[in-house]
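Everything on this sheet refers to the single structure shown next.
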Amino acid sequence: MSEKNFNVIGKGKPRYDGRVKVTGAAKYCGDLKFPNMLYGKMLGSPYAHAKILSIDTSEAMKIPGVKAVITAKDVPSLKYGISPARWDENCLCIEKALFVGDKVAAVACVDEETCYKALKAIKVEYEVLKPVLDYMHADEDDMPQIHEKYAKNINTEIHQEFGDIKKAFAEAHYVRTDTFVGQRCYQCPIEPHSAVCIWQDNKLTVYSSTQSVHYFQHYIAREFELPMGDVRVIAPFVGGGFGGKLEPTGLEFNGAALSRITGRPVKMFYDRQEMFQHNRGRHQGTYKITSGVDKDGKILGCHVDFQTDGGAYTSLGIATAYYAGALLPLTYEIPVYKFDNRRMYTNLPACGAHRGHGAPQPKYAFESHMDNIAKAMGIDPLDIRLRNARRPNTETVNNFKVNSCGMKECLERAGELSDWRKKKKEGLPKGRGIGISTGSFVTGAGYPIYRTDLPHASCMIRVHEDGTSATLYSGTVDIGQGSHTILCQMAAEAMGYRYENMKMVASDTETCPLDFGAYASRQTLMSGSAVKQAGEEIYRQIIDMASTMLNLPPEDLKCELGVISSISRPKVAPITFEEVARRFFVLRGPLIAKGVYTPPRLGGTFKGAPVGTSPAYSFCVQAAEVQIDEETGKIDVERVWDVHDVGQVINPVNLHGQVHGALYMGLGETIWEQVHFDSNGKIVNGNLGGYMIMTALDMPPITSEVLEDSYEIAGPWGAKEVGEGATNPTIGAFRNAIFDAMGVSVNSVPLTYEKVWRALKEKRESENK
Amino acid sequence: MSNMIIDKDGVRRYVVSITVNGDEYTKMVKSNTLLVNFLRDALDLTGTKKGCELGDCGSCTVLLDGKTPINSCLMLAVEADGREFITVEGVASHEKLDHIQEKFIEHGALQCGYCTPGMILSAKALLTRNPKPTEHEVREAIAGNLCRCTGYINIIKAIMDASGQEIPM
Ligand code: FES
Ligand code: FES
């Protein structure tokens with residue numbers, strides 16, 4: 001089925017932006033400077049929950065160099081957010097501040113130092129209210145209500161049932177319930193968020209470290225009641241996002257307002273602590289799972305019952321809440337499924353779309369639960385997974401259509417690579433254990449973030465007049481994942497051209513056709529499909545022109561790597577793409593083409609059915625081997641194996657880089673990372689010294705492999721996602737490895753050394769009794 | 001002590017001469033101006049990044065006296081008076097990339113690229129003082145440079161390859 005004779009894709013082409021990044025020439029948003037530019041900062045609430053009684057800005061305004069101080073009355077009061085039913089956030093707080101750091105006022109000054117002086121001089125009178133800090137008790141009667149519209153602090157409530165769960169459990173050979181607990185994590189891109197806003201001549205230009213120029217354009221235009229055409233959003237180089245830069249921060253809105261007032265460009269930026277406060281990172285949750293299995297361990301039905309901490313605002317969290325349960329029936333064929341979830345409001349920073357959106361913590365719970373079942377029934381963890389593994393061309397119980405699916409092959413290969421059978425048969429040395437876990441993720445969301453009938457991706461290609469280069473214009477954003485590189489590879493492949501001659505203009509709403517941007521692992525498939533279409537249109541036009549020039553029928557011509565030759569007459573001298581393109585321009589004008597992509601209608605009709613739909617799903621398996629020190633609980637990671645079904649690989653170097661990076665984040669969340677708060681809701685480790693992201697010394701060896709002959713019918717040349725799926729199995733694989741090594745289960749993440757040590761101590765004590 | 005003036009608001013400003021990538025710059029700075037901001041704002045050498053301003057991330061790494069990697073967010077411009085620095089802009093010569101830079105591209109040792117300038121300078125310092133490091137020494141040398149994208153694997157490979165040694169892992 002798959003066509004493997006590619007000239008450009010499938011090859012480890014060097015990164016499109018490699019050179020500018022290694023020389024320091026690449027300009028990120030915070031590096032930009034404009035004539036007459038001011039610097040802006042926002043004032044954050046010192047309290048987690050407080051009524052704003054008054055704000056006095058007069059002293060701040062007296063400070064030399066302070067050009068503007070704004071409060072809620074100077075900005076639009078229109079609430080923003082993800083879905084109209086849940087617009088709950090304001091540019092600046094109007095009556096109440098809802099978490100420590102919530103935006104209360106903003107300043108624009110001649111330099112950064114003056115901003116801090118101005119912020120200090122703003123006098124805010126607060127009435128401190130009792131904060132809601134514990135999501136598990138947020139609905140209790142003595143808890144204050146955070147948002148007027150949401151009783152009992154329930155932000156989102158989900159109840160879905162597919163099939164008769166009671167019946168499934170009644171018929172089961174074994175029914176088991178387990179509960180696991182997750183933690184708050186933060187994406188922590190190394191580049192802090194910033195925005196430069198320039199409101200001049202009735203037009204607003206915003207440079208922003210964003211993952212989506214289109215959504216930002218939409219949100220900003222809506223907030224200021226501007227036509228979309230008068231708002232230009234540009235993402236310069238973006239220093240990582242992982243979901244944290246997918247929604248407006250207040251920097252854009254308040255920067256725009258400050259620029260309008262002062263008539264000057266305003267650069268707004270967060271410091272590291274402010275990034276942690278803005279957050280939009282991983283939701284913490286409590287995950288209760290009950291499954292019934294037959295005597296072979298085959299799943300008959302599952303009921304997952306979750307409660308999660310959404311923080312002070314909805315953010316993208318309504319999607320997270322649905323994703324948490326929606327994606328679980330992917331890797332295993334679960335015939336009957338019940339999914340309940342409540343996303344709670346608390347007076348903590350809002351949570352949102354963190355790499356692997358909603359999936360990793362529930363997956364940890366589910367994969368741990370699977371091992372508990374396997375152990376209780378005396379089934380090998382690999383076997384129980386093989387027995388339940390999804391097959392290709394199936395549909396999940398919640399109506400996701402799965403085309404390609406190498407779940408079984410991934411499991412088998414991971415078993416081989418990790419020497420699973422031998423290790424299980426012969427046993428491992430004391431303190432050593434091995435665990436396995438699965439994952440799957442969407443290749444682009446089936447529906448946009450806000451309701452619209454716009455296509456999800458589009459692009460243009462223009463071949464230069466003399467044919468020596470071609471430019472791809474695309475609204476996509478390369479946040480580091482390498483999308484520019486692979487899109488240029490795809491364009492060149494489709495055009496019969498060379499990657500090395502491709503240029504790209506991207507991430508600019510004014511010069512590029514619409515693309516929804518970098519989230520939900522969508523650009524390879526969705527943007528790539530549009531690029532393929534445009535490239536093929538160029539190819540057709542080149543062949544057509546060459547046919548006139550060579551006096552040969554178009555069907556007899558092929559164009560590869562910029563050389564056009566006759567298929568049937570090898571003796572006919574080939575001509576170059578450059579010659580043909582130049583001739584085309586002389587006779588017919590610009591050689592251009594466009595491409596567009598809209599996914600097919602996907603999913604069921606029940607409430608929440610769209611979340612989790614996708615044209616294609618990646619599948620992966622990770623196995624991890626650990627050595628546990630019984631005295632200290634220290635976890636030494638011997639090796640991790642990742643086997644991925646990603647469809648056709650576009651760039652193997654980028655691909656494995658994505659796996660390494662996702663595994664790195666997943667492992668960080670497994671053992672180290674957690675945002676901690678004091679009893680007033682203030683972050684205590686909002687810096688890179690206290691929030692433990694792994695260093696080069698902590699990173700274990702990884703083996704990363706892909707299934708060679710996977711082909712996805714819905715993807716360009718058979719491609720699907722890789723960037724997020726690899727975060728899915730990690731926590732579960734490690735929990736299961738520790739379980740295997742020591743026979744103890746750590747039921748909450750992070751799986752710190754201390755928790756392992758405590759679990760071992762408890763086990764010893766109970767054995768001694 | 002460098003020359004100092006007191007402006008009309010009573011703020012002290014110092015004249016400093018700092019050599020960056022072989023060029024000497026004489027500028028006026030405040031006593032609290034960080035070296036990283038001096039490089040980025042006064043010289044517009046924005047290849048030196050800021051990720052934390054607390055000495056935690058290493059994005060602001062520059063080489064002091066051409067060889068010692070330091071966090072430029074932890075040094076004041078007045079302390080840097082009379083000293084020499086290399087920033088990422090000074091690593092390639094005349095459009096020709098340094099060997100380490102080439103290896104970073106070849107191995108996909110960068111994704112978003114925000115940590116890359118600091119990584120390259122730490123790697124450069126390592127290979128200058130220890131041309132054949134072990135894999136562990138490579139990890140140690142870049143342990144102060146946080147990268148959120150790559151999981152370090154390809155960075156370690158690139159540095160080992162740049163040292164002409166076998167690529168681990
Ligand atoms: S900015 Fe200097 S170490 Fe982070
Ligand atoms: S490449 Fe993004 S932080 Fe290292």
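The values are calculated or read from the model by the stated rules, or taken from the named source; none is laboratory data. The structure displayed is predicted, hence computed values, not measured ones. Cβ atoms come from the backbone with ideal geometry, glycine included; neighbour counts cover every protein chain shown. Note: areas computed on protein heavy atoms with side chains; ligands, DNA, RNA excluded. Shrake-Rupley method; radii C 1.70, N 1.55, O 1.52, S 1.80 Å.
Of the helices (runs of 4 or more DSSP H) that lie entirely inside segment B:84-169, those containing 3 or more residues that are on the phi < 0 side of the Ramachandran plot and within 16 Å of ligand 1 (Cβ to nearest atom) span B:116-129. Which residue is farthest from the other protein chains (Cβ to nearest Cβ), if the candidates are limited to segment B:34-75 and must be part of a strand (DSSP E or B) and more than 13 Å from ligand 1 (Cβ to nearest atom)? Only one residue fits best here, namely B:Thr68.
So is B:Ser59 within 15 Å of ligand 2 (Cβ to nearest atom), among the polar types (S, T, N, Q) and within 12 Å of the chain's Cα centre (by Cα) or not? Reasoning before the result, please.
Values: within 15 Å of ligand 2 (Cβ to nearest atom): yes; among the polar types (S, T, N, Q): yes; within 12 Å of the chain's Cα centre (by Cα): yes.
Considered against the rule, which asks whether it is within 15 Å of ligand 2 (Cβ to nearest atom), among the polar types (S, T, N, Q) and within 12 Å of the chain's Cα centre (by Cα), B:Ser59 comes out as yes.
Residues that are among the aliphatic types (A, V, I, L, M) and closer than 20 Å to B:Pro69 by Cβ within segment B:144-169 comprise B:Leu146, B:Ile155, B:Ile156, B:Ala158, B:Ile159, B:Met160, B:Ala162, listed in sequence order. Determine whether A:Glu712 is more than 9 Å from chain B (Cβ to nearest Cβ), in a loop (DSSP other than H, G, I, E, B), away from ligand 1 (no atom under 16 Å from the Cβ) and not hydroxyl-bearing (Ser, Thr, Tyr). Taking the combined requirement at face value, the residue satisfies it. In segment A:220-237, what residues are more than 22 Å from the chain's Cα centre (by Cα), assigned to a loop (DSSP other than H, G, I, E, B) and buried (at least 16 other Cβ atoms within 10 Å of the Cβ)? Within segment A:220-237, A:Phe224, A:Leu226 qualify.
Within segment A:734-741, none of the residues are among the charged types (D, E, K, R), open to solvent by 10 Å² or more (accessible area, probe 1.4 Å), within 26 Å of A:Glu367 (Cβ to Cβ) and not in a helix (DSSP H, G or I). Considering only residues that are closer than 28 Å to A:Asn680 by Cα and surrounded by fewer than 18 Cβ atoms within 10 Å (Cβ to Cβ), which ones fall in segment A:78-113? Those that are closer than 28 Å to A:Asn680 by Cα and surrounded by fewer than 18 Cβ atoms within 10 Å (Cβ to Cβ): A:Lys79, A:Trp87, A:Ile94, A:Glu95.
Restricting the first member to segment A:16-44 and to residues that are more than 8 Å from chain B (Cβ to nearest Cβ) and among the aromatic types (Phe, Trp, Tyr), and the second to residues that are surrounded by fewer than 23 Cβ atoms within 10 Å (Cβ to Cβ) and in a loop (DSSP other than H, G, I, E, B), the beta-carbon pairs closer than 8 Å and six or more apart or on different chains are A:Tyr39/A:Val110; A:Tyr39/A:Asp111. Of all residues in segment B:145-169, those satisfying the criterion of being out of contact with any helix residue (DSSP H, G or I) (no Cβ under 7 Å at 6 or more places or on another chain) and within 25 Å of A:Asn687 (Cβ to Cβ) are B:Leu146, B:Arg148, B:Tyr152.
Within segment A:259-268, take every residue that is away from every other protein chain (no Cβ under 14 Å) and touching a helix residue (DSSP H, G or I) at 6+ places or on another chain (Cβ under 9 Å) and give me the one that is nearest to A:Cys29 (Cα to Cα).
Step one: of segment A:259-268, the residues away from every other protein chain (no Cβ under 14 Å) are A:259-266, A:268.
Subset that is touching a helix residue (DSSP H, G or I) at 6+ places or on another chain (Cβ under 9 Å): A:261, A:264-266, A:268.
Values: A:Ile261: 22, A:Arg264: 17, A:Pro265: 13, A:Val266: 12, A:Met268: 10 Å.
Among those that are away from every other protein chain (no Cβ under 14 Å) and touching a helix residue (DSSP H, G or I) at 6+ places or on another chain (Cβ under 9 Å), it is A:Met268.
Okay, residues lined up against (1) in a strand (DSSP E or B); (2) within 14 Å of chain B (Cβ to nearest Cβ):
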{"position": "A:Phe606", "(1), (2)": "no, no"}
{"position": "A:Ala609", "(1), (2)": "no, no"}
{"position": "A:Thr613", "(1), (2)": "no, no"}
{"position": "A:Val621", "(1), (2)": "yes, no"}
{"position": "A:Glu625", "(1), (2)": "yes, no"}
{"position": "A:Asp636", "(1), (2)": "yes, no"}
{"position": "A:Trp641", "(1), (2)": "yes, yes"}
{"position": "A:Ile650", "(1), (2)": "no, yes"}
{"position": "A:Leu655", "(1), (2)": "no, yes"}
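Look at segment B:1-36 and say how many of its residues are closer than 21 Å to A:Lys21 by Cα and open to solvent by less than 30 Å² (accessible area, probe 1.4 Å). First the steps, then the outcome.
Of all residues in segment B:1-36, those closer than 21 Å to A:Lys21 by Cα come to B:20-21, B:36.
Add one more test, that the residue is open to solvent by less than 30 Å² (accessible area, probe 1.4 Å), and what stays is B:20, B:36.
Result for segment B:1-36: 2.
Per the conditions (1) in contact (Cβ under 8 Å) with a residue 60 or more places away in the chain; (2) more than 7 Å from every other protein chain (Cβ to nearest Cβ); (3) away from ligand 2 (no atom under 16 Å from the Cβ), the sole criterion not satisfied by B:Glu89 is (2).
Listed here are the residues, each with its yes/no results for (1) closer than 30 Å to A:Val626 by Cα; (2) more than 14 Å from every other protein chain (Cβ to nearest Cβ).
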{"residue": "A:Thr438", "(1), (2)": "yes, yes"}
{"residue": "A:Gly446", "(1), (2)": "no, yes"}
{"residue": "A:Glu500", "(1), (2)": "no, no"}
{"residue": "A:Asp508", "(1), (2)": "no, yes"}
{"residue": "A:Thr524", "(1), (2)": "no, yes"}
{"residue": "A:Ser529", "(1), (2)": "no, yes"}
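Taking segment B:115-169 as the range and being open to solvent by 10 Å² or more (accessible area, probe 1.4 Å), within 7 Å of another protein chain (Cβ to nearest Cβ) and among the charged types (D, E, K, R) as the test, the residues that pass are B:Arg139, B:Glu140.
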